[in-house]
Amino acid sequence: MYNLLSQQDKLVVVTGSNSGTGKEAARRLAGAGAQVIMAVRSLSKGHGARKEILAQYPDARLDVRHLDVADLSSVRAFAETLLTENRPLNILVNNAGVMAPPERLVSVDGFELQFATNFLGPFSLTLRLLPLLRAAKEGRIATMSSSVAAVGTIRYKDLQRERHYVPYLAYAQSKLADLLFAQQLARVANQRGWNLMSNAAHPGFTRTNLLTAGASLGRGHQRPAWLTNLMFLASQGVGPGSEPLLYAATSPDALSGAYYGPGRLFGLVGPTTLVRVPRSARHDGDGARLWQVAEELTGVALSDA
Ligand SMILES: NC(=O)c1ccc[n+]([C@@H]2O[C@H](COP(=O)([O-])OP(=O)(O)OC[C@H]3O[C@@H](n4cnc5c(N)ncnc54)[C@H](OP(=O)(O)O)[C@@H]3O)[C@@H](O)[C@H]2O)c1
């Protein structure tokens with residue numbers, strides 16, 4: 001088990017922290033002394049998760065706030081409140097995500113839902129919070145990708161998957177985008193001489209709501225048989241599943257631009273290790289190109305930060 005060092009005096013934001021790896025990350029971080037802002041789209045679910053964590057850690061400092069990462073106006077409102085409070089932000093954990101809705105859905109801003117939730121929202125949130133992250137002694141951003149990023153392509157001619165929607169390919173695109181973004185941010189920080197770490201993680205195959213409510217968005221869709229079989233063969237609980245993300249977000253040994261995931265059974269389970277970045281995410285130019293497109297789509301640019 002990854003031994004989380006004391007996070008006393010740290011302010012942390014964890015998106016999607018009412019369930020799965022986000023809730024577990026919030027629990028471990030709060031248990032280690034961090035003040036955790038649980039950024040959730042459902043306040044009632046967020047308060048439920050907070051109560052559970054408090055049952056274990058009665059002194060945990062947990063602040064539940066509304067954030068719908070798929071809605072750029074919600075991202076702006078959430079970030080503006082934090083900017084007004086003006087406290088240095090030590091760690092941003094971009095964890096919230098949705099996987100493979102069976103039909104193509106769009107966000108309130110008109111983007112394909114997975115691209116909006118898994119990438120454009122975290123992109124705009126991160127850029128908006130950069131002043132606070134840079135104000136911390138060593139700000140850190142850990143972004144959750146997925147091993148399926150390896151089979152993803154960024155289809156610039158049909159980014160919103162309007163022409164041809166294949167649920168898991170659209171998911172793979174959004175998770176490849178996360179990986180490209182995390183690495184590009186590390187490059188930007190390095191080029192600008194910022195004391196800021198950006199890296200990525202994936203949880204292997206972890207048993208969470210993503211495989212049930214996540215895939216159907218709560219509409220009772222059956223998960224595919226191959227997913228059920230894989231879950232039976234090689235999957236892990238949320239404790240080990242959250243460790244790559246926690247390692248990326250907190251370990252003194254973690255590296256900027258790196259990618260962490262489980263080390264056994266083709267990366268599906270096991271202890272955290274440094275993961276080889278897939279070929280599709282290795283070129284600097286790809287990260288820069290995607291960044292530019294994301295700035296255009298979200299209206300949030302680096303120069304604003
Ligand atoms: N489980 C795996 O094997 C696996 C594998 C690869 C990558 N991942 C990634 O791990 C991350 C966490 O997923 P999980 O497995 O822990 O699944 P989960 O239990 O379904 O958690 C996903 C979290 O994201 C939140 N969320 C979804 N859309 C949101 C939005 N628009 N705004 C704010 N929050 C939103 C969900 O909130 P609600 O409860 O309100 O829906 C939930 O708290 C995701 O990025 C996922 O892509 C998971």
Exercise. Dipole size in debye (nearest 20) for the chain around its Cα centre, Lys and Arg Cβ +1, Asp and Glu Cβ -1?
Worked result: 440 debye
Problem set entry | Overall form of region 1-90 per C-alpha gyration tensor (a/c, 1.5; a/b vs b/c) | oblate
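Of all DSSP beta bridges in region 11-300, what percent run antiparallel (nearest 5)?
On the way: 5 of 32 bridges.
If we restrict to bridges inside region 11-300, about 15 percent are antiparallel.
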Exercise. Most mobile of GLY193, GLY257, GLY46 per a Gaussian network model of the chain (Cα springs, under 10 Å)?
Worked result: GLY193
For this session: Write down the accessible area per residue of the chain in Å², having rolled a 1.4 Å probe over the full set of protein chains.
Result: 43 Å²
Problem set entry | Computed Rg/Rh of region 73-164, alpha carbon atoms with Kirkwood Rh | 1.03
For this session: On the protein heavy atoms, probe 1.4 angstrom, tell me the percent of accessible surface of the chain carried by carbon and sulfur.
Result: 52 percent
For this session: List every residue whose amide H lies under 5 Å from the amide H of GLN236, counting only residues 5 or more places away in sequence or on a different chain, with H placed 1.01 Å from N in the peptide plane.
Result: PHE205, THR206, ARG207
Exercise. Using a basic spin-label model with each label point 7 Å from the Cα along Cα→Cβ, how many nm lie between VAL293 and VAL106?
Worked result: 1.8 nm
For this session: Quick one: among ALA77, ALA149, ALA55, which has the greatest mean-square fluctuation in a GNM of the chain with alpha-carbon springs under 10 angstrom?
Result: ALA55
Problem set entry | region 12-17 - phi-based ³J(HN,Hα) in whole Hz, Karplus 6.51/-1.76/1.60, Gly and Pro as x | 10, 10, 10, 7, x, 9
Exercise. Expressed as a whole percent, how much of the Cα-Cα distance distribution for region 123-168 exceeds 18 Å?
Worked result: 54 percent
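Only helical DSSP H runs with n ≥ 4 go in: add -39500 (n - 2.57) per run for the chain, normalise by residue count and round the 222 nm mean residue ellipticity to 500 deg cm²/dmol. Numbers along the way, then the final one.
Working: 9 runs with 121 residues, N = 305.
Mean residue ellipticity, 222 nm, calculated: -12500 deg cm²/dmol.
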Exercise. Considering the chain as a Gaussian network with a 10 Å cut-off on Cα pairs, which listed residue, ASP59, ASP253, ASP71, attains the greatest mean-square fluctuation?
Worked result: ASP253
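Taking N as the number of residues in the chain, what is its Cα Rg relative to 2.2 N^0.38 Å?
That works out to 0.91 for the chain.
Looking at region 97-176, which trypsin sites (Lys or Arg not before Pro) are in a loop (DSSP not H, G, I, E or B) and have at most 11 other Cβ atoms within 10 Å?
Details: sites: ARG104, ARG128, ARG134, LYS137, ARG140, ARG155, LYS157, ARG161, ARG163, LYS175; in loops: ARG104, LYS137, ARG155, ARG161, ARG163.
Passing sites in region 97-176 are LYS137, ARG163.
Could you give the length gained on full extension between SER42 and HIS164, defined as 0.36 nm per residue of separation minus the Cα-Cα distance, in nm?
Numbers: separation 122, 0.36 × 122 = 43.92 nm, distance 3.08 nm.
Length gained between SER42 and HIS164: 40.8 nm.
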Exercise. Long-range amide H contacts for ILE141: which residues qualify at under 5 Å (H placed 1.01 Å from N, peptide plane, sequence gap of 5 or more or a different chain)?
Worked result: LEU92, MET197, SER198, ASN199
Seminar exercise, completed: Within the under-14-Å Cβ sphere about GLY20, not counting GLY20, Lys/Arg +1 and Asp/Glu -1 give a net charge of +3
Exercise. With contacts defined as alpha carbon pairs under 8 Å and 6 or more residues apart, what's the relative contact order of the chain in percent?
Worked result: 18 percent
Problem set entry | Karplus-derived HN-Hα couplings along region 264-275 (A = 6.51, B = -1.76, C = 1.60, θ = phi - 60°), whole Hz, x at Gly and Pro | 10, 6, 6, x, 7, 9, x, x, 5, 9, 6, 9
Exercise. Of the lysine pairs in the chain, how many meet both conditions: Cα atoms under 27 Å apart, and a spacing of 8 or more in sequence or different chains?
Worked result: 10
Problem set entry | Cut-off under 5 Å, modelled amide H: who pairs with VAL277 long-range | none
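The values are calculated or read from the model by the stated rules, or taken from the named source; none is laboratory data. Being a predicted model, the structure only gives us computed values, none of them experimental. Here Cβ is always computed from backbone atoms with ideal geometry, including for glycine, and neighbour counts include all displayed protein chains. For the accessible areas, the whole protein counts, side chains as well, though only heavy atoms, and no ligand, DNA or RNA atoms are used. Shrake-Rupley method; radii C 1.70, N 1.55, O 1.52, S 1.80 Å.
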